[in-house]
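Heads up: the structure comes next, in structure tokens.
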Amino acid sequence: MASKELGRRDFLKKLGLAGAVVSGTSLAGCSSDNKSKQKWSVEGTGGEPKGEMTYRTNPNTGDKVSLLGYGCMRWPMKKDENGKDIVDQEKVNELVDYAIERGVNFFDTAPVYLQGQSEAAMGIALKRHPRDKFFIATKMSNPRIPDFKRSVEMYHNSLKNLQVDYIDYYLLHSIGGGKGIETFKERFIYNGLLDFLLKEREAGRIRNLGWSFHGDVATFDYVVNMDVKWDFAMIQLNYVDWRHASRNNHAEYLYNELAKRNIPVNIMEPLLGGRLSNMADHLVARLKQRRPEDSVASWAFRFAGHHPGVLTVLSGMTYKEHLVDNLKTFSPLEPLTDEELEFLEETAQIYKQYPIVDCNDCKYCMPCPYGIDIPGILLHYNKCVNEGNVPKDSQDPNYYAARRAYLVSYNRTVEKLRQADHCTGCGQCNEHCPQRINIPREIERIDKFIEQLKQETL
């Protein structure tokens, strides 16, 4: 390891009781608004890709799939004349056109993304291109105790909204939550829904049938061993979750079990909801020291694409700069060396020392019945941890600067009536969180910290 790198021991010395690195970050550093939450740094990575897109071949169908896939959960939004958030279709069209022109051919959406707007937006954007220029993936996002008729209606609405006659990749959405195996059976088995979807595959209206996984690993084991030919699966995989997943559903195990069965893998959350690009300065410097011209995010994408069983790596690219940076990473992909893999494992171990809340800003917890801005509160806390504005106590040398930075930016980022002190602890949000975060407990903890800052009793 390079001598200039800050060592692990020196790093840990910087950790307070709460685990945050306290630095002289300015007030502006912790001041984020809703528009900037999903941005990740691509500084120093300008310019067009130098090569061609890397493709992987689906062994089941022969599909030549771009290793970079477009996740359609975080499209640009705007306000309509009534102040409602709607998809900015013009910007979506521009991003889709740019991506397709440069080799991206896989687009992943769902009926529930963007409050139900994502599929229709994709239908409009993709209809402008020949059908053989893209693969579309969407999901059966039915509730945990579903009605067969309504679930089938959801499926047909997906075909209608996407303006297609068949779906290339169709997923049973987010298995593993609720009561685990029993919830899976309630959603897909007891009601005959899986049988219906298998018949749709036979009819050719579904070309590949698979599932996305969150939660209970027993459910994963049950489903992967079913007497069903699964064409693919989607898992959360990144260099932290590879061996250090917060729920012990380590991606290394999930990937290897799928690889044993020759089931192609689609990757979600390669950046952990953006957290692997918006890291503490210490970790950013560590990565930039090794590859100064590459973005911090590129390390995570290279890791995800490195594994040969991966068919495509999904990224929710809200901004063109995200797309350009990812295109550079995958055009073509430069596989990681053994030494780089070891380096990323060490980086993951350091990363886990930070008290980051595992929020991916998916917004499945929203809307809160009491109006709480759950992701806004959690992401603001994470940002301030990374920027050194979560002091361990009032004796910290940076206490007053960090205190002011946190409180001022908190009021700017989260509307007063939607802040943590309005949480009732009802727990309704917990059952919807794919990361299995105990949201009321985290909100209460953050609210207590904020109150201590206000009263100067930390």
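Bear in mind that the values in this text are calculations on the coordinates, not laboratory data. These numbers come from a predicted model, not from an experiment. Cβ: placed from backbone, ideal geometry, glycine included. Neighbour counts: every protein chain shown.
Observations, loosely collected:
- Sequence-separation-based contact order of the chain, relative, with Cα cut under 8 Å and 6+ spacing, percent: 22 percent
- Each of Thr337, Gln289, Tyr253 was placed along the dipole of the chain (beta-carbon charges, centred on the mean Cα), and the one lying farthest toward the positive end is Gln289.
- Dipole magnitude of region 307-458 about its Cα centre (Cβ charges: Lys, Arg +1; Asp, Glu -1), debye to nearest 20: 800 debye
- A simple packing score, the average count of other Cβ atoms within 10 Å per residue, orders the peptides 266-277, 326-337 as 266-277, 326-337, with the highest score first.
- Derived from the Cα gyration tensor, the three semi-axes of the equivalent ellipsoid of region 296-412 are 32, 21, 13 Å, largest first.
- If only the Cβ of Lys and Arg carry +1 and only the Cβ of Asp and Glu carry -1, the dipole of region 52-118 around its Cα centre is close to 220 debye.
- Alpha carbon centroid spacing (whole Å) that separates region 102-162 from region 297-329: 22 Å
- Over 32 Å (Cα to Cα) - which of Lys84/Lys139; Lys91/Lys179; Lys91/Lys260; Lys64/Lys179 fall in this group: Lys91/Lys179; Lys91/Lys260; Lys64/Lys179
- Only helical runs count toward this figure. For the chain, summing -39,500 (n - 2.57) over DSSP H runs of n ≥ 4 and dividing by all residues gives -11500 deg cm²/dmol at 222 nm.
- Computed over the alpha-carbon pairs of region 111-219, the distance histogram in 5 Å steps reads 2, 12, 23, 24, 20, 12, 6, 2, 0 percent, short to long.
- Cβ-based charge dipole, region 41-351, positive-most Cα from Tyr170, Cys72, Pro264: Tyr170
- For region 64-80 versus region 365-386, the gap between their alpha-carbon centres in whole angstrom: 22 Å
- For region 122-236, the relative contact order works out to 27 percent when only alpha carbon pairs closer than 8 Å and six or more residues apart are counted.
- Size of electric dipole in the chain: Cβ of Lys, Arg +1 and of Asp, Glu -1, about Cα centre, debye, nearest 20: 380 debye
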